[in-house]
1. Scan region 98-110 and report the pairs whose first residue is open to solvent by 10 Å² or more (accessible area, probe 1.4 Å) and whose second residue is among the β-branched types (V, I, T) and modelled with pLDDT under 90, with Cβ atoms within less than 9 Å and a gap of 6+ or a chain change.
2. Restricting to region 104-120, name every residue that is farther than 16 Å from R151 by Cβ and in contact with a Phe, Trp or Tyr (Cβ under 8 Å, 6 or more places away or on another chain).
3. Out of region 74-97, which residues are open to solvent by 20 Å² or more (accessible area, probe 1.4 Å) and in contact with a helix residue (DSSP H, G or I) (Cβ under 7 Å, 6 or more places away or on another chain)?
4. For L123, indicate whether it is assigned to a loop (DSSP other than H, G, I, E, B), in contact with a helix residue (DSSP H, G or I) (Cβ under 8 Å, 6 or more places away or on another chain), modelled with pLDDT of 90 or more and more than 16 Å from D144 (Cα to Cα).
Amino acid sequence: MPHLRLWGGPVEFPFHFSGVTATGAVAFGALVTATLASLASLASAIYTRQANRQTSKQYAYATLMSLRAKFDGDEMVAVRVATAKHVLSNWPKGAQTPNYVPDADHLVDHFDMLGFLLRQKVLDLEMVVVDMCSPITTYMATLDRYISDSRSEDFTIWQDAVALNQKMLQADAKARGLKTAALAVPDEDDMRKYMKEEAAHPNATKAVGTNRKPGT
């Protein structure tokens, strides 16, 4: 009985060559050739897909690191410090967070870009959760009134930032074993503690002013 040796070992064909015509032998040979070609094509496709996936992960990481560098750059740190100081100065304990925070649109715009790139699958969700979950959820909670008031005038702005925040809360809730994403929203003590840390950032410089319409 004939054997065909493939990667995993010999494959046995359940028939004999005795009595096979020349035409049949040619047809059989063509079938074997086509099968090997198909297997080679499949292997190539699998390798290409894995290589593309790896490249995509590397690009996602590089893009996230670039955005993180911007978040930690002098200009954005200045905005973060100014935002934190304004919030702490205009937020009596137990009261609602301020509904206007100068310069904060720079921050939300940054989160909106992150959300857009995540929606477009340029960024990897797990990477964003690990690197930016805390800043996103804490700032989005602290600036909730400011964001809500701005979006009440134009609901199309910051849609990706809002969606991104929800994804971060869902991931955080899952990691902490909480039943709903709402339970992962930072409370007042958490927000105040984070804002104090931001206000005391060692790399603070003069804040950048802006009169831009939020989201533009």
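1. P102/T210; D103/V208; D103/T210; H106/V208; H106/T210; D109/T216
2. H110
3. Across region 74-97, the qualifying residues are K85, L88, Q96.
4. Considered against the rule, which asks whether it is assigned to a loop (DSSP other than H, G, I, E, B), in contact with a helix residue (DSSP H, G or I) (Cβ under 8 Å, 6 or more places away or on another chain), modelled with pLDDT of 90 or more and more than 16 Å from D144 (Cα to Cα), L123 comes out as yes.
Residue by residue, here is whether (1) at pLDDT 95 or above; (2) part of a helix (DSSP H, G or I); (3) surrounded by fewer than 19 Cβ atoms within 10 Å (Cβ to Cβ) holds:
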residue	(1), (2), (3)
V128	yes, yes, no
M132	yes, yes, no
T138	yes, yes, no
F155	no, no, yes
Q166	yes, yes, yes
Q170	yes, yes, yes
A173	yes, yes, yes
P186	yes, no, no
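The values are calculated or read from the model by the stated rules, or taken from the named source; none is laboratory data. Keep in mind that this is a model prediction, so the values were computed, not measured. We place every Cβ from the backbone using ideal geometry, glycine too, and count neighbours over all the protein chains shown. Just so you know, the surface numbers come from the protein's heavy atoms only, side chains and all, with ligands and any DNA or RNA stripped out. Shrake-Rupley method; radii C 1.70, N 1.55, O 1.52, S 1.80 Å.
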